[in-house]
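> Sharing a structure here in structure tokens format.
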Amino acid sequence: MKKLLKWPSFMLVLILSLVLSGCSTGTDTPSASGGGDAEAKGTIEQIKERGKLIAGVKYDTKLFGLKDPASGNVKGFDIDIAKALAKQILGDETKVELKEVTSKTRIPMLQNGDIDIIIATMTITDERKEQVDFSDVYFEAGQSLLVKNDSAITGLESLSGVKVLAVKGSTSAQNIREKAPDAEVLEFDNYQDAFTALKAGKGEALTTDNIILIGMQQTDNSFQLVGGNFTSEPYGMAIRKGDTAFVEEVNTLLKSMQDSGEYDTLHEKWLGAKPE
């Protein structure tokens, strides 16, 4: 009979220890007590703990959000909405930090947590609903064209072969390509750059929402709107996807402002008339 090999007892202990440690310390297995499983705090709770609302707004859009280079203050319809939201959540309209966004940067900034909410002339679309949640509509706009007073352009039918200026990341750039496929569309980072380019003759028309174009026209009456509105652009405030409590909070604010007449007052203050 062959003799069985006898392993020293300390070798058996060593092998068993290695097997057990290999099973329990894999790098892909998360700790049961790790913080990664904790649910993220809702936006309202974050705002209250921080003591301020951080709103993403435009700095280059007269009537809605425009920064005064002399004072550094940002003023407009969207800004006053942001202040009203801060007052509702924190009891003080001054407890709001305004961060500049553009049509291109606003959704990434919201998703990254740089801002709590987008209040920045943002049209509600099905495509955007896949990335963010929206409040109820707080303003109805429509896309139009801004041209020099002596321009031969009268509307969409005049845009064949024409250089049309738009803003990156906007629905306006998408719409004009669909509705005037023979136009050449040049995109800029923001409205100020696009309007400067129009005044410099780098394009023959600028397209975006009518109310934004009216703000530009007010700064330079050598331009006019033509062609009427060829789209519907319902503005909504954008909130991180799935934060239903914050959506409800914002919608409660809008209803309260409409019921109290505060919304009409702001509309008339910035846009010259009460809503129809």
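The values are calculated or read from the model by the stated rules, or taken from the named source; none is laboratory data. Here the structure is a predicted model, which means the values were calculated and not measured. With ideal geometry, Cβ positions are generated from the backbone for all residues, glycine too; neighbour counts draw on all protein chains shown. Side chains included, ligands, DNA and RNA excluded: accessible areas come from the protein's heavy atoms. Shrake-Rupley method; radii C 1.70, N 1.55, O 1.52, S 1.80 Å.
> In region 188-210, which residues are farther than 14 Å from residue 227 by Cα and within 18 Å of the chain's Cα centre (by Cα)?
Listed by number, the residues that qualify are 188, 189, 190, 191, 192.
> Which one of these does residue 168 not meet: (1) open to solvent by less than 50 Å² (accessible area, probe 1.4 Å); (2) under 19 Å from residue 123 (Cα atoms)?
It fails just one condition, (1).
> State all residues of region 223-245 that are small (Gly, Ala, Ser) and surrounded by 16 or more Cβ atoms within 10 Å (Cβ to Cβ); if no residue qualifies, say none. I'd like the intermediate steps shown before the answer.
Initial filter on region 223-245 (small (Gly, Ala, Ser)): 227-228, 232, 236, 238, 242, 245.
Within region 223-245, 227, 236, 238 qualify.
> While we're looking at this one, here's another question. Just checking, which of 145, 110 is out of contact with any Lys or Arg (no Cβ under 7 Å at 6 or more places or on another chain), open to solvent by less than 80 Å² (accessible area, probe 1.4 Å) and of a type outside the set (Lys, Arg)?
Working: 110 fails: out of contact with any Lys or Arg (no Cβ under 7 Å at 6 or more places or on another chain).
Being out of contact with any Lys or Arg (no Cβ under 7 Å at 6 or more places or on another chain), open to solvent by less than 80 Å² (accessible area, probe 1.4 Å) and of a type outside the set (Lys, Arg) holds for just one of 145, 110, which is 145.
> Related question: Within region 193-206, how many residues turn out to be open to solvent by less than 10 Å² (accessible area, probe 1.4 Å) and within 26 Å of residue 272 (Cα to Cα)?
Going through region 193-206 one residue at a time, the tally reaches 4.
> May I ask you to say which residue of 220, 209, 182 is in contact with a Ser or Thr (Cβ under 7 Å, 6 or more places away or on another chain), farther than 30 Å from residue 44 by Cα, surrounded by fewer than 16 Cβ atoms within 10 Å (Cβ to Cβ) and of a type outside the set (Phe, Trp, Tyr)?
On the way: 220 fails: in contact with a Ser or Thr (Cβ under 7 Å, 6 or more places away or on another chain); 209 fails: surrounded by fewer than 16 Cβ atoms within 10 Å (Cβ to Cβ).
Testing whether each residue is in contact with a Ser or Thr (Cβ under 7 Å, 6 or more places away or on another chain), farther than 30 Å from residue 44 by Cα, surrounded by fewer than 16 Cβ atoms within 10 Å (Cβ to Cβ) and of a type outside the set (Phe, Trp, Tyr) leaves just 182.
> Would you mind telling me which numbered condition in (1) open to solvent by 10 Å² or more (accessible area, probe 1.4 Å); (2) more than 18 Å from the chain's Cα centre (by Cα); (3) closer than 18 Å to residue 210 by Cα residue 124 fails?
With (1) open to solvent by 10 Å² or more (accessible area, probe 1.4 Å); (2) more than 18 Å from the chain's Cα centre (by Cα); (3) closer than 18 Å to residue 210 by Cα applied to residue 124, the lone miss is (2).
> Have a look at 82, 70 and point out the one that is part of a loop (DSSP other than H, G, I, E, B), small (Gly, Ala, Ser) and within 26 Å of residue 190 (Cα to Cα).
Working: 82 fails: part of a loop (DSSP other than H, G, I, E, B).
Result of the check over 82, 70: 70.
> I'm trying to understand the selection: among the residues of region 241-262, which are of a type outside the set (Val, Ile, Thr) and within 14 Å of residue 87 (Cβ to Cβ)?
Start the filter on region 241-262 by keeping residues that are of a type outside the set (Val, Ile, Thr), which leaves 241-243, 245-246, 248-249, 251, 253-262.
Hits for region 241-262 are 249, 253, 254, 256, 257, 260, 262.
> Go through region 108-128 and give me each residue that's in a helix (DSSP H, G or I) and either under 20 Å from residue 73 (Cα atoms) or in contact with a Gly (Cβ under 8 Å, 6 or more places away or on another chain) (or both). I'd like the intermediate steps shown before the answer.
Quick first cut of region 108-128, residues in a helix (DSSP H, G or I) only: 108-111, 126-128.
Hits for region 108-128 are 109, 110.
> Just wondering, is there one or more residues in region 253-273 that are surrounded by 20 or more Cβ atoms within 10 Å (Cβ to Cβ) and under 23 Å from residue 113 (Cα atoms)?
Yes: one or more hits.
So that you can scan it fast, the table gives a plain yes or no per residue for (1) modelled with pLDDT under 50; (2) surrounded by fewer than 16 Cβ atoms within 10 Å (Cβ to Cβ); (3) more than 25 Å from the chain's Cα centre (by Cα):
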position	(1), (2), (3)
24	yes, yes, yes
41	no, yes, no
56	no, no, no
59	no, no, no
67	no, no, no
98	no, no, no
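> So, in region 85-96, exactly how many residues are part of a helix (DSSP H, G or I) and either of a type in the set (Val, Ile, Thr) or open to solvent by 30 Å² or more (accessible area, probe 1.4 Å) (or both)? If you could, list the steps in order and put the result at the bottom.
Our first condition is that a residue be part of a helix (DSSP H, G or I); within region 85-96, this holds for 85-90.
Filter once more, so that each one left must be either of a type in the set (Val, Ile, Thr) or open to solvent by 30 Å² or more (accessible area, probe 1.4 Å) (or both): 87-90.
Matching residues across region 85-96 total 4.
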